[in-house]
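Peer 1: Sharing a structure, written as structure tokens. Questions coming.
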Amino acid sequence: MKDLATQRPPGINTYSYIWSLPADQCLTALMERGYREFELMIHPPHLSFDRATAEYQALRRVMLGGEAKVHSLNLPSLDTNLASVFTDMRAFSQGMFRKALELCSSLEVPYLVTVPGRVSPLFPPDRAVTRDLMQRSIEALLPDAERLGVKLAIENVPFASFPEAQSVVEFVTAMASPHLAIVYDVANAHFIGEDPASGIEAVQDYLAVVHFSDTTRSAWRHDPIGEGDLDFSAACAALDQISWSGPVMMEIISNEPGPAIERSHRALTRHGFPAPSGQH
């Protein structure tokens, strides 16, 4: 039987630390709390593309120490749009993602979380338009992903081209590339009215990373687990049902990340996750 993800401590996405700690110090602090699996946000001053800095060398030393497993890097979508109708913007965004792919490769990180563009929530284009624009961007990036040995992991995001699980699956299936995968975010799914348990089942063939945080359907949040109305019992059962053994990342966004992570992890222990060795 596989080592189920729910049978080991969850991993940590470092979103809450993008303004407060460099990535190497962040990993060290989190490992002291018993965590070993991570997703790092590419966001200065936390982590930049620059590999000539002391911070980058410090991060490599921490990662090469063997205790920390960084499964993925995550480039926020605030400064990019792979589905823009402007050719220049798509080209700029592809350039940013190429730098992110290079960073993944240099740090031996297998996945780059990829938000599939941004669309206006007030007046979005037809889905066929954004799908075509995303296809152009991904086709431009796939040769780099293949050369560098990194997979682009497309995430379901409410304001993006493919907010639902099935729409991401259809896109990845149509692209038919071994260098594409899916990140499934249960909070993003719940916010748009999707059942996360059903979404997990839908994406299972392409699943690379799972994001856990809490939200309601009235406000899009990435709150500590237990502070929204997402059914984590059903989500965890769905992960077990598909025998998921990959990473489950707590992607909590909080000005007080330590207590928020602790509350979230404590809530997950009620659904079968063990506490980390560093937590008492």
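The values are calculated or read from the model by the stated rules, or taken from the named source; none is laboratory data. Bear in mind that the values here come from a model prediction, so they are computed numbers and not experimental data. Cβ sites come from the backbone with ideal geometry, for glycine too, and all protein chains shown count toward neighbours. These area figures cover heavy atoms from the full protein model, side chains too; ligands, DNA and RNA do not enter into them. Shrake-Rupley method; radii C 1.70, N 1.55, O 1.52, S 1.80 Å.
Peer 1: Listed residues LEU133, LEU122, LEU142; which is of a type outside the set (Gly, Ala, Ser), farther than 21 Å from MET41 by Cβ and in contact with a Pro (Cβ under 9 Å, 6 or more places away or on another chain)? Talk me through it step by step, then tell me what you get.
Peer 2: Working: LEU122 fails: in contact with a Pro (Cβ under 9 Å, 6 or more places away or on another chain); LEU142 fails: in contact with a Pro (Cβ under 9 Å, 6 or more places away or on another chain).
Exactly one of LEU133, LEU122, LEU142 is of a type outside the set (Gly, Ala, Ser), farther than 21 Å from MET41 by Cβ and in contact with a Pro (Cβ under 9 Å, 6 or more places away or on another chain), namely LEU133.
Peer 1: Additional query: Does VAL209 satisfy the criteria of being under 14 Å from the mean Cα position of the chain (by Cα) and hydrophobic (A, V, I, L, M, F, W, C)?
Peer 2: Numbers: under 14 Å from the mean Cα position of the chain (by Cα): yes; hydrophobic (A, V, I, L, M, F, W, C): yes.
The answer is yes for VAL209.
Peer 1: Kindly provide the set of residues from region 1-12 that are over 18 Å from the mean Cα position of the chain (by Cα), among the hydrophobic types (A, V, I, L, M, F, W, C) and open to solvent by less than 50 Å² (accessible area, probe 1.4 Å), ordered by number.
Peer 2: So the first thing to find is which residues in region 1-12 are over 18 Å from the mean Cα position of the chain (by Cα), and the list is 1-4, 7-8.
Still in the running and among the hydrophobic types (A, V, I, L, M, F, W, C): 1, 4.
Selection gives LEU4 alone.
Peer 1: Within the set of pairs 6+ apart or on separate chains, which have a first residue in region 40-51 that is within 19 Å of THR114 (Cβ to Cβ), a second that is modelled with pLDDT of 95 or more and open to solvent by 80 Å² or more (accessible area, probe 1.4 Å), and C-beta atoms under 7 Å apart?
Peer 2: PHE49/LYS99
Peer 1: Just checking, which of TYR15, TYR56 is surrounded by 18 or more Cβ atoms within 10 Å (Cβ to Cβ), in contact with an Asp or Glu (Cβ under 7 Å, 6 or more places away or on another chain) and closer than 30 Å to ARG131 by Cα?
Peer 2: Values: TYR56 fails: closer than 30 Å to ARG131 by Cα.
Matching residue, one of TYR15, TYR56: TYR15.
Peer 1: Are there any pairs with C-beta distances below 8 angstrom linking a residue in region 224-251 that is under 19 Å from TYR35 (Cα atoms) to a residue that is open to solvent by less than 10 Å² (accessible area, probe 1.4 Å) and charged (D, E, K, R), with the two at least 6 apart or on different chains, and if so which?
Peer 2: PRO224/ASP214; ILE225/ASP214; PRO247/GLU39; MET249/GLU39; GLU251/GLU39; GLU251/ASP185
Peer 1: List every residue pair whose Cβ atoms lie under 7 Å apart, where the two residues are 6 or more positions apart in sequence or sit on different chains, the first residue falls within region 196-213 and is in contact (Cβ under 8 Å) with a residue 24 or more places away in the chain, and the second residue, located anywhere, is among the hydroxyl-bearing types (Ser, Thr, Tyr) and open to solvent by 40 Å² or more (accessible area, probe 1.4 Å).
Peer 2: From residues that are in contact (Cβ under 8 Å) with a residue 24 or more places away in the chain, the pairs are ALA208/TYR111; VAL209/TYR111.
Peer 1: Quick one: how many residues across region 22-39 are of a type in the set (A, V, I, L, M) and more than 19 Å from the chain's Cα centre (by Cα)? Working first, answer last.
Peer 2: We begin by selecting, within region 22-39, every residue of a type in the set (A, V, I, L, M); these are 23, 27, 29-31.
Right, trim to more than 19 Å from the chain's Cα centre (by Cα) and you get 29, 31.
The total comes to 2.
Okay, residues lined up against (1) in contact (Cβ under 8 Å) with a residue 60 or more places away in the chain; (2) among the basic types (Lys, Arg); (3) open to solvent by 30 Å² or more (accessible area, probe 1.4 Å); (4) closer than 13 Å to LEU27 by Cα:
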residue: SER72; (1), (2), (3), (4): yes, no, no, no
residue: LEU78; (1), (2), (3), (4): no, no, yes, no
residue: LEU103; (1), (2), (3), (4): yes, no, no, no
residue: SER106; (1), (2), (3), (4): no, no, no, no
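Peer 1: Now for a separate question. Which of the following residues is surrounded by 16 or more Cβ atoms within 10 Å (Cβ to Cβ) and part of a loop (DSSP other than H, G, I, E, B): VAL157, VAL169, VAL210? Walk me through how you get there before you give the answer.
Peer 2: Details: VAL169 fails: part of a loop (DSSP other than H, G, I, E, B); VAL210 fails: part of a loop (DSSP other than H, G, I, E, B).
Criteria check complete, one pass: VAL157.
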